[in-house]
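Enquirer: Okay, handing you the structure first.
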C-alpha cells in the first residue's frame, strides 16, 4: 500500500486548476506563433513537467468542506471548452498546413497538442457533460465531437455510470486484459452500447437521436480539416483525435482495471462504491486533469463539481502506486503493468465489502 503524502497545498484550489489546465494552451499557441523554444516548452509541460512536479513535491489538496460551492468552476470549464474548439483547428493547420514550421516543430506540436487534448480537453468535456446547464452540456458534446468521440457523451452517462465494474460496461477493463485488447473493445463497444441506450430513449421521447449529431459532426470536422490543409489536414485531424481519445481510453483502463462489483443473492451487482475505482492523490496532475484522479467520489456523486471531489482514504478505496499519467504510461507495457498491479488488485478482490464487515459485526 502506498504511503500517504502530506495533505498540504499552499495555494487556492481554483488557482491550481486555472493555472495548471490553461497554461499548456498558451504555451502551445505561442509555439504555433513563434516556434522555437515555445514548442518545446508546450510539449515539455505536458510530457514531463506534470509527472516531475507530482514526484518532487508530494502535496495533496485537502478535501473541500461538505457543501462548498465553487462559482468559478463552470466558468473555467467554459473557458477550456472554448479554447479547445479554437485550438484544435489551429493545431491541424499548424501541423499539416502552410504554417512555415519545420518538420521537427510539427512533430513536437502534434505530440504536445495531442497530450493537451487527451489530458485537459477530455477531463473538461467529461465535467461539462455532467453539468445541468444545457449550454455547458452542449459545449462538452462539441468537444467530444471534435475528437470524433461524440458517442462518449451518451455512453459515459447512460452505460458507464450504470454498469461500471460489471461485464456490461465496455469501459471497465478486465483483470489480465492488456490496454491493446481493451482499446478497440472499449471504443466500439461503448459506441454500440450508447447507441442502444439512446435508441431506447428515442423510441419513448422522439426527437433527434444524438448519434446523428455525433456522426454528422465528426464528418464535418474531418471536412474542416480538409479545408484547412487538404488531405493532410483531414489525416492530421483524424490522427490527433485518435491520439487524444486513446488517452481517454487509457484513463478508463487504469481507473477501473480489474475491479468488479460482486453479485447480490438476487443476481444484481452490488451498489457502486469507493472500491470500484482506482484513485490518485497527486496534486499537479489532479490540477491539470480537473480532479479526474479522484474517481471514486465522481462515481458516487456524478453531479458534484470537480473542485469539491473528495479523496477516499487508501484503506477505503484503491489507490494507484503512481500518478494517473505515469500509471497510464506503465499500462502501455502490459507485462510490467500486470506485475505492478497484480498484488494490489488481489488485495481489493479479497478485501471484505462493507456488507461483509457489517455481517461479521452483527454475528
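Read-outs throughout are calculated quantities, based only on the coordinates presented, and are distinct from any laboratory measurement. These figures come from a predicted structure and were not determined experimentally. Cβ coordinates were reconstructed from backbone atoms using ideal geometry, including for glycine residues, and neighbour counts include every protein chain displayed.
Enquirer: If packing is taken as the average number of other Cβ atoms within 10 Å across a peptide's residues, how do 63-69, 104-110 rank, most packed first?
Expert: Descending packing order for the listed peptides: 104-110, 63-69.
Enquirer: Another question, then. Explain nothing, just the number: relative contact order of the chain, from Cα pairs under 8 Å at least 6 residues apart, as a whole percent.
Expert: That works out to 22 percent.
Enquirer: While we're here: Relative contact order of the range 152-226, please, whole-number percent, based on alpha carbon pairs below 8 angstrom and at least 6 residues apart.
Expert: In percent, rounded to a whole number, it is 31.
Enquirer: What residue among 351, 246, 125 has the largest mean-square fluctuation in a Gaussian network model of the chain, using Cα springs under 10 Å?
Expert: 351
Enquirer: Quick one: in the range 5-112, what % of C-alpha pairs are over 16 Å apart?
Expert: Percent of Cα pairs beyond 16 Å in the range 5-112: 65.
Enquirer: Using Cα-Cα distances under 8 Å and only pairs 6 or more residues apart, what relative contact order does the range 242-338 have, in percent?
Expert: Here the relative contact order equals 28 percent.
Enquirer: Follow-up question, since we're still on this one. Using alpha-carbon positions, what is the distance between the centroids of the range 34-98 and the range 268-295, in Å?
Expert: 19
Enquirer: Further, regarding this structure: Kindly list the residues of the range 178-208 that lie in the label zone of residue 168, defined by a backbone N under 12 Å from the point 7 Å along the Cα-to-C-beta vector.
Expert: 197
Enquirer: Additional query: Using Cβ contacts closer than 10 Å as the measure, can you line up 298, 282, 130 from fewest to most?
Expert: Listed from fewest to most nearby Cβ atoms, that is 130, 298, 282.
Enquirer: Same structure again: Report the FRET efficiency, 1/(1 + (r/R0)^6), for residue 329 and residue 303, where r is their Cβ-Cβ distance and R0 is 22 Å, rounded to 0.05.
Expert: My answer for the efficiency is 0.10.
Enquirer: Can you tell me the alpha carbon radius of gyration of the range 25-68 divided by the globular rule-of-thumb value 2.2 N^0.38 Å?
Expert: Against the empirical 2.2 N^0.38 Å value, I get 1.67 for the range 25-68.
Enquirer: For the range 174-289, just list the percent of Cα-Cα distances falling in each 5 Å bin from zero outward, please.
Expert: Spelled out per bin, shortest first, that is 2, 9, 11, 14, 16, 17, 15, 9, 4, 2, 1, 0.
Enquirer: Using the number of other C-beta atoms within 10 angstrom as an exposure proxy, rank 46, 340, 289 with the fewest first.
Expert: Starting with the residue having the fewest Cβ neighbours, the order is 340, 46, 289.
Enquirer: May I pose another question? With angles folded into 0 to 90 degrees, how steeply does helix 334-350 sit against the dominant principal axis of the chain? Use alpha carbons for both and round to 10.
Expert: 30
Enquirer: While we're looking at this one, here's another question. Cα atoms only, the range 146-207: Rg and Dmax in Å?
Expert: 12.4, 42
Enquirer: Give me the extension gain from residue 68 to residue 263: residue separation times 0.36 nm, minus the current Cα-Cα distance, reported in nm with one decimal.
Expert: Residue separation times 0.36 nm, minus the Cα-Cα distance, leaves 66.7 nm.
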